Amino acid sequence: MRNIFSSEYGVFIEKEGNNKFIVSDNVGILGIKRKVVEGGENEFVVQVELRNIGEEDVLVKSMVVAEFLLTGKVEKVLENGWGQSSFSGYRTQVKETKRKRIILKRDQNSNSFMKNFGYLEGSMVNEWFTQVVFSEKNCVFGAVTSADQFTQIYLKEGKDGLKVRITCQLDDYRLKPDEKLVSEKIALVWGRKAKETLEDYADLIAKYSKTRSVKNPPVGLCCAYYFQGNIVSEEYLRSQLRSLTLFPGKTGLKYVEIDAGYCTWGDWLEINNSFPSGMKVMVNEIRKMGLKAGIWCAPYVADPKSNLYKQHPDWFLRNKSGREIEGRLSSPLDLLPQFSLKVLDPTLPEVQKYIRKVVKQFMDWGFEMLKIDFTYPVCFSDRYFLPVTRAQALRMGYEVIRSTAGERIHLMSAISQLSPLVGVVDSARVGIDTLNPYVSKIPFFGKMINGYMFKESMRNNSARLFLNGKVWINDADCFVGRGHAGLSKSQMSEQFDFLKKYKGSIWIGDSFKTMTKSNLDKYIDLFRKRWGK
């Protein structure tokens, strides 16, 4: 590893309309230095510091923390993507990551494929962390802090060995004269046992990012997306609660979460007629069952037909060109306008005030868990009210929720980029949806789609398992045990076995009203194995 200590580092900037890479020994424009934050026998942590020593502003695109060569035969490599639904899994060789241009675009960080941001042409692109396994050793590279910048690890094999470039993106930050910036802290961990190096890396994240510790991962009923889509109602919720009374003390549930369908997206406090008694009444009924109430919300997106968007169009993100930022309800349908959502600017004071109002009302109604969804499009912007990076904007959005909800509320993320959430959320979805309920009953097609989704989800959950319990509680989405859901018996058994072992959160995606005795017995066995009872 000696070549890492002498590796190149520097910064990509834009000056007078031209893109430049300034290396560590350059003088006159920027002062650049790298320091070893921590060093040990099998690991060390480094960070780059940047200061504008000139007299004019400098547009900073990204910092290169290290660039070096590794030798040896690569046996496998962990490719890790940007968001919870991005590919995360092991490859048998270092292969070029292809940029998605039509479908699944939200799964990739577009800046990571731009040369002026440090993209290494023809490389495998990893976000946040990666692991390279050689015949006699393995290495883990990744950020142990992640609040301010997205970190990339580029890998490219050549005649001389494996080239590694580690960058932290500043997203065209305008650095003023005498102003200083620091990169994220980057760890390099090596050893013989692959699992141990990942565990050691997770320990370093916990150390430097002050992660949250949740002793009792949530076990709950997801009501009601995985059974019938975004059609939740007071009637459906009551039917679930009545059914639960038939199994006193057996289910092991701690939470009941109310899913999407209770309002127009964006108008989170304007509850529709599907809940005529109101949310507070229903929360009290959940509490009477000895359970905690949770609610799903996508606070930073809004339906174009919502009152929020109609009344405050200036609250929503636009790019420098003036074009509105849009999120999509379904990643494969990135280009269809009918699936578009408008995206709030989490750095705008008026937006923060509105989000606090929503969260406070949820607390007043008695909710004790918030599932925060569809925050990924916040990171598609190149302009915010405040001069921040995309990672900072996303984190700020979650911090507003956390500071308002307080410490006793369980905060869970869903469809989102992952690294900026470290230290803010209690649990995080780390894979895609288990299945799509809208296609479940369509012959052949439903089985094909849901079978594919299940494989993608299980691979991501397995690859990111080392984060569980150290960085946050991993959320492997819902267990669906009913027939005719598009999953094979072997797939249901695979997920069942996985959930018994991984000790993260468990959510049930079936209806207790229609549950068979055999499925109930399976759930009870799952909870018994999970809690050791």
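The values are calculated or read from the model by the stated rules, or taken from the named source; none is laboratory data. Here the structure is a predicted model, which is why all the values come from computation and not from measurement. No Cβ is skipped: glycine too gets one built from the backbone with ideal geometry, and neighbour counts run over all protein chains shown.
Filter the range 380-423 down to residues that are more than 16 Å from the chain's Cα centre (by Cα) and among the polar types (S, T, N, Q) and give me whichever is surrounded by the fewest Cβ atoms within 10 Å (Cβ to Cβ).
S403
Would you please name the residue that is nearest to the chain's Cα centre (by Cα), looking only at residues in the range 285-307 that are within 17 Å of G366 (Cα to Cα) and surrounded by fewer than 14 Cβ atoms within 10 Å (Cβ to Cβ)?
First pass over the range 285-307, keeping only residues within 17 Å of G366 (Cα to Cα): 285-297.
Still in the running and surrounded by fewer than 14 Cβ atoms within 10 Å (Cβ to Cβ): 288, 290.
Values: K288: 33, G290: 31 Å.
Here the answer is G290.
What about K35, is it assigned by TED's automatic domain parsing to the domain that holds Y201, assigned to a strand (DSSP E or B) and either charged (D, E, K, R) or out of contact with any Leu (no Cβ under 9 Å at 6 or more places or on another chain) (or both)?
Values: assigned by TED's automatic domain parsing to the domain that holds Y201: yes; assigned to a strand (DSSP E or B): yes; either charged (D, E, K, R) or out of contact with any Leu (no Cβ under 9 Å at 6 or more places or on another chain) (or both): yes.
The answer is yes for K35.
For the range 486-533, name all the residues that are over 21 Å from A463 (Cβ atoms), surrounded by 22 or more Cβ atoms within 10 Å (Cβ to Cβ) and modelled with pLDDT of 70 or more.
Scanning the range 486-533 gives G486, I508, G509, D510, F512.
Which residues, taken from the range 244-274, are among the hydroxyl-bearing types (S, T, Y) and surrounded by fewer than 17 Cβ atoms within 10 Å (Cβ to Cβ)?
T245, T264, S274 - these are the residues of the range 244-274 that are among the hydroxyl-bearing types (S, T, Y) and surrounded by fewer than 17 Cβ atoms within 10 Å (Cβ to Cβ).
Residues that are closer than 16 Å to M63 by Cα and assigned by TED's automatic domain parsing to the domain that holds I22: find the strands (runs of 3 or more DSSP E) completely inside the range 128-188 holding 2 or more of those.
The qualifying strands (runs of 3 or more DSSP E) are 138-143, 151-158, 161-175, 180-182.
Would it be correct to say that M289 is at pLDDT 95 or above and assigned by TED's automatic domain parsing to the domain that holds S427? Let's see the steps before the verdict.
On the way: at pLDDT 95 or above: no; assigned by TED's automatic domain parsing to the domain that holds S427: yes.
Taking the combined requirement at face value, the residue does not satisfy it.
When you scan the range 308-322, how many residues do you find that are assigned to a helix (DSSP H, G or I) and crowded, with 16+ Cβ neighbours inside 10 Å?
Applying the first criterion (assigned to a helix (DSSP H, G or I)) to the range 308-322 yields 308-311, 313-315.
Subsequent filtering for residues that are crowded, with 16+ Cβ neighbours inside 10 Å retains 308-309, 315.
Number satisfying all stated conditions: 3.
Is it the case that S112 is closer than 21 Å to Y376 by Cβ and of a type in the set (G, A, S)? Please lay out each step first, then the result.
Details: closer than 21 Å to Y376 by Cβ: yes; of a type in the set (G, A, S): yes.
So S112 fits the description; yes.
Would you say L237 is assigned by TED's automatic domain parsing to the domain that holds F374, at pLDDT 90 or above and not in a loop (DSSP other than H, G, I, E, B)? Can you show your working first?
On the way: assigned by TED's automatic domain parsing to the domain that holds F374: yes; at pLDDT 90 or above: yes; not in a loop (DSSP other than H, G, I, E, B): yes.
Criteria met by L237.
Every residue in the range 107-128 that is among the hydroxyl-bearing types (S, T, Y) and within 16 Å of A391 (Cβ to Cβ), please. Break it down stepwise before answering.
Just the residues of the range 107-128 that are among the hydroxyl-bearing types (S, T, Y), to begin with: 110, 112, 119, 123.
Listed by number, the residues that qualify are S110, S112.
Scanning for something more than 31 Å from the chain's Cα centre (by Cα) and crowded, with 16+ Cβ neighbours inside 10 Å, does the range 10-23 turn up at least one residue?
Yes.
In the range 140-161, which residues are crowded, with 22+ Cβ neighbours inside 10 Å and either of a type in the set (A, V, I, L, M, F, W, C) or touching an Asp or Glu at 6+ places or on another chain (Cβ under 8 Å) (or both)?
V140, F141, A143, V144, T145, S146, Q149, F150, T151, Q152, I153, L155
Consider the range 217-234. How many of its residues are part of a loop (DSSP other than H, G, I, E, B), without any contact (Cβ under 8 Å) to a residue 60 or more places away in the chain and buried (at least 18 other Cβ atoms within 10 Å of the Cβ)?
Restricting attention to the range 217-234, the residues satisfying the condition of being part of a loop (DSSP other than H, G, I, E, B) are 217-218, 224, 229-233.
Keeping just the survivors that are without any contact (Cβ under 8 Å) to a residue 60 or more places away in the chain gives 230-233.
Going one step further and asking which of them are buried (at least 18 other Cβ atoms within 10 Å of the Cβ), we end up with 232-233.
The total comes to 2.
Please go through the range 329-362 and pick out each residue that is at pLDDT below 95 and of a type in the set (D, E, K, R).
D334, K342
Just wondering, is there one or more residues in the range 260-277 that are part of a helix (DSSP H, G or I) and either touching a residue at least 12 places away in the same chain (Cβ under 8 Å) or not β-branched (V, I, T) (or both)? Explain how you work it out, then say what you get.
If we filter the range 260-277 for residues that are part of a helix (DSSP H, G or I), which is where we start, we get none.
Checking the range 260-277: not a single residue is part of a helix (DSSP H, G or I) and either touching a residue at least 12 places away in the same chain (Cβ under 8 Å) or not β-branched (V, I, T) (or both).
Pull up the range 359-377, narrow it to residues that are in a helix (DSSP H, G or I) and crowded, with 18+ Cβ neighbours inside 10 Å, then point me to the one that is nearest to the chain's Cα centre (by Cα).
Going through the range 359-377, the residues in a helix (DSSP H, G or I) turn out to be 359-365, 376-377.
Still in the running and crowded, with 18+ Cβ neighbours inside 10 Å: 359, 362, 365, 376-377.
Details: V359: 21, F362: 23, W365: 27, Y376: 8, P377: 12 Å.
Taking the candidates together, the pick is Y376.
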